[in-house]
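Notes follow the structure.
The values are calculated or read from the model by the stated rules, or taken from the named source; none is laboratory data. Here the structure is a predicted model, which is why all the values come from computation and not from measurement. Because the Cβ atoms are built from the backbone with ideal geometry, glycine has one as well, and the counts that use them run over all protein chains shown.
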């Protein structure tokens, strides 16, 4: 386990997440792609913390900020899904050709 | 840092604790049921019945629902038993012995509790049948209601210890047990524990009005595994209560590990006796109770614990 | 190894799933008190199927499904009771039966023979096939047009419907019953579920209509009977119902205690019942569990009689018209709340009152007047009280959480064999 | 940063598991499975973080994700057709582009990771990381920590407001219609009035031009 291998794992997860976020039609599946990308960001951050910062707690701090971002993304994502579904009965992106109601 | 058990010994200990704990829970259940129903108490029967029932379930063949998610269905009891093992592992057996005592033991324990939701949801969902599915839905409402009070009420004992390691939490109770120092703690903990282990009066996902809920479609060894895992979960919360509020290994005359066992048994008796005493709440009442009463009370508890430190 | 396990398993209670015909449920209920057997709530937990009495025609098909859900090696025992007909023996050819069968020893024997390998486990009675073939017509082999729709395996896919949050989420059409343990025998609820909320409901009565009941209340329609016996039977009926209701509420051990009490009570034991009421109240069955559940307003109670009506404040009771009861100073009890808790309290108090009456009655007899107050309400020749009460169910359970709906139906104390078969399909819109 | 052989073996296992389960998220027909594969991927990453001695962050990640993924599974069952995977499904758009983007981003990031020379200052392998993090959270970085908390609170309030049925002026389905200016005017009239105005506006402008 070294920094290079950790970053390659993070890159692989990021790639899969990007694929999901771009390709999925369903809102929820799309959000799963986003989550995976944030997941890889957390992994990379902590990897840097462990290998390159001499163990300064600031690195872990950044990872916690990422987790906050993930929670915010989930909460807002779900709220928007509910709202869009209420207004348009749409649960996939294709049904939202225009954003104005 | 305390010496750990060697890995093989740790595994054997965990398996032994889980099996012995499930057996103790089954016997206590049997005794409580006999006393409440006012049947004559036949001791040989009480001690044999759990073993015989287990043997019966093991000799039988399993049946399946129509098109279950078979892997997830089989995984769920194993996951639940694994969580019970993880939770039990962080609890020190003795002043000088523990299976695992990580610095963030409290967080690991909390994580195990929150994965109970995953196990129960998978168990109900993957059976592909109505009653288990309703049980799974119910547990989601239940789990989100009890989890935050559960975390908060367990966090309060960590304050005087100034550590998230369970052994430090026990050590900090040398002069005064947390059950006295934080009088709100243990009662709240017992309520949320009944919810976390979904035992009566809060057994919503596996309730009798669902004919067993998430376990209504499981048979034979699968049923045994699920029941065993639930009993293991009960032991896991009782052991945590004993360590976090009743001073764990601390006590006069007897060796530490015996104190841990006795205190765990005491909490098990309280939990099982109350499950044979109180009527099941309605789920919406419980959700309201958890958010409106237990959550503020556990916050008060934490402020109180913090104020004592200043 | 497996032989050792079997030896140990011999000491276990036989795990029995009991299906009772609608005329035999009182006898079947008593098996809960028996030692050496354990009645399960679901067939999957059992290895022996017990069929009590003659099954109603509508219960045969569900009973076959339940039989195949038993854990193998499985066996069936038919406790014939007094029946002569042979619907059960035709459909369960391998069922163990004998004349004057004593159920508990027979179940033990079958259980032990199964474990010892002396009795061969029964094969499934239904063929193991998909209920419908996979229909793939969409571009990815799915059931209908587009991504969804169709009936992939004979199950309709979920469809959107209104819900209380206005989201129009999918609902799931499912049938609960007729062998779902908490509900009365023969009642099958067709519900539309959204999550655990019931959005639409209909019910079907699968119980055979009984032309003439054998209970003392049916006898009292024609001949004068001792009030002492009649009131004792009423108290028993209420306590047996209470035992069932407490079991559904999760307290199996308390349920057993109440059932045992129901067998032991004698005229004049009203105080024993009042002690039960205090126990139930202390344990929270009324205030925590049942308060506010299934409220019935007086104007919804057309044709409804008995404790259900009296728990909503209607003071109607056929007993007030009888001279003998007047002499005993009988006054009907009522409650105001009209919820499940009120119905629980009403029945418990009526049971206590009935025992008091039975204690005072001496040799008083009823008039045999053709209209009798049975434990469930007004019984006349050919019409039972459950018809009107059952009609309340669909509109009552819509909008309820599932457990609340079950508690509500239980609190009505239905006997489906009493309900008329004619308009047995009542439904409420979602 | 050098690690012992058992840790390396565990790392390879967790890493392979995290990547494989991340892939399976988009390769299953069952919504619940998709959500729980994602959870498995998070658990894999969390376990790697624990191996890196970032115990607290790793365990909190796992703890948080159990709840989040169950909500996700639940929302999927609520909003998505075919939640149980009775029908096979592949609901994608711009599939080839997405694959290309995924592979490219992996190659670029991995390449950057391999080619860049990062400073080599491994964390000291003590068990005090949790304690240091706690001191940091409630010491120097308290502002960041508090900001995160405030942001979460704001998000929760906002999310509830967005998702709830009642908008600012009434039912969400009917749109947020402002109340009338005159107290005795009917709401419906006010809204009809305004719609008319909106429709007339362009033609008025057209007349001027």
Quiz item: Does segment B:85-92 include one or more residues that are within 13 Å of another protein chain (Cβ to nearest Cβ), touching a residue at least 40 places away in the same chain (Cβ under 8 Å), part of a helix (DSSP H, G or I) and surrounded by 19 or more Cβ atoms within 10 Å (Cβ to Cβ)?
Solution: yes
Quiz prompt | Whichever residue in segment C:377-392 is buried (at least 24 other Cβ atoms within 10 Å of the Cβ) and at pLDDT 85 or above and, among such residues, is farthest from residue C:201 (Cα to Cα) | solution = C:379
Exercise. Identify all residues within segment C:290-333 that are within 16 Å of residue C:412 (Cβ to Cβ) and either part of a helix (DSSP H, G or I) or not assigned by TED's automatic domain parsing to the domain that holds residue C:367 (or both); write none if there are none.
Key: C:290, C:298, C:300, C:306, C:307, C:308, C:309, C:310, C:311
Quiz item: Does residue C:104 fit the bill of being over 24 Å from residue C:236 (Cβ atoms) and touching a residue at least 24 places away in the same chain (Cβ under 8 Å)?
Solution: no
Quiz prompt | residue D:130 being more than 8 Å from chain A (Cβ to nearest Cβ) and either surrounded by 12 or more Cβ atoms within 10 Å (Cβ to Cβ) or over 22 Å from the mean Cα position of the chain (by Cα) (or both) | solution = yes
Quiz item: Is there a residue being free of Cβ contacts under 8 Å to residues at least 40 places away in the same chain and under 20 Å from residue B:61 (Cβ atoms) anywhere in segment C:51-65?
Solution: no
Exercise. Hey, could you check segment B:43-78 for residues that are touching a residue at least 60 places away in the same chain (Cβ under 8 Å) and more than 9 Å from every other protein chain (Cβ to nearest Cβ) and say which is farthest from residue B:225 (Cα to Cα)?
Key: B:68
Exercise. Of the numbered conditions (1) more than 17 Å from the chain's Cα centre (by Cα); (2) assigned to a loop (DSSP other than H, G, I, E, B); (3) within 30 Å of residue B:215 (Cα to Cα), residue B:71 fails exactly one; give the number of that condition.
Key: (2)
Quiz item: Which of the residues that make up segment C:53-66 are within 16 Å of the chain's Cα centre (by Cα) and either part of a helix (DSSP H, G or I) or within 11 Å of another protein chain (Cβ to nearest Cβ) (or both)?
Solution: C:58, C:59, C:62, C:63
Exercise. Please give the number of the condition residue B:104 fails out of (1) facing another protein chain (nearest Cβ under 10 Å); (2) surrounded by fewer than 24 Cβ atoms within 10 Å (Cβ to Cβ); (3) under 30 Å from residue B:184 (Cβ atoms).
Key: (2)
Quiz item: Applying the selection to segment D:133-151, what residues are loosely packed, with under 15 Cβ neighbours inside 10 Å and closer than 17 Å to residue A:73 by Cβ?
Solution: D:147, D:149, D:150
Practice problem: Please find, among B:151, B:155, the residue that is in contact (Cβ under 8 Å) with a residue 60 or more places away in the chain and either surrounded by fewer than 24 Cβ atoms within 10 Å (Cβ to Cβ) or over 21 Å from the mean Cα position of the chain (by Cα) (or both). | Solution: B:155
Quiz item: Picking from C:206, C:232, C:221, which residue would you name as being under 21 Å from residue C:259 (Cβ atoms), buried (at least 19 other Cβ atoms within 10 Å of the Cβ) and touching a residue at least 24 places away in the same chain (Cβ under 8 Å)?
Solution: C:232
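One line per residue, one yes/no per condition, for (1) in a loop (DSSP other than H, G, I, E, B); (2) within 14 Å of another protein chain (Cβ to nearest Cβ); (3) over 25 Å from residue B:81 (Cβ atoms):
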position	(1), (2), (3)
B:183	yes, no, yes
B:200	yes, yes, no
B:222	no, yes, no
B:230	no, no, no
B:263	no, no, no
B:266	no, no, no
Quiz item: Hey, residue B:164 hits all of (1) touching a strand residue (DSSP E or B) at 6+ places or on another chain (Cβ under 9 Å); (2) surrounded by 24 or more Cβ atoms within 10 Å (Cβ to Cβ) but one; which does it fall short on?
Solution: (1)
Self-check item: segment D:139-157, residues that are more than 7 Å from chain A (Cβ to nearest Cβ) and either closer than 18 Å to residue B:103 by Cα or not in a loop (DSSP other than H, G, I, E, B) (or both)
Solution: D:142, D:143, D:145, D:146, D:147, D:149, D:150, D:153, D:154, D:157
Self-check item: Matching option when the condition is surrounded by fewer than 19 Cβ atoms within 10 Å (Cβ to Cβ) and either touching a helix residue (DSSP H, G or I) at 6+ places or on another chain (Cβ under 9 Å) or modelled with pLDDT of 90 or more (or both), among D:107, D:90
Solution: D:107
Quiz prompt | Criterion (part of a loop (DSSP other than H, G, I, E, B) and out of contact with any strand residue (DSSP E or B) (no Cβ under 6 Å at 6 or more places or on another chain)) met by exactly one of B:193, B:175 | solution = B:175
Quiz item: Restricted to segment A:6-28, and to residues that are farther than 14 Å from residue D:103 by Cβ, part of a helix (DSSP H, G or I) and within 7 Å of chain D (Cβ to nearest Cβ), which residue is modelled with the lowest pLDDT?
Solution: A:28
Self-check item: Qualifying residues in segment C:67-92 (those that are within 14 Å of chain B (Cβ to nearest Cβ) and in a loop (DSSP other than H, G, I, E, B)) - the one modelled with the lowest pLDDT
Solution: C:72
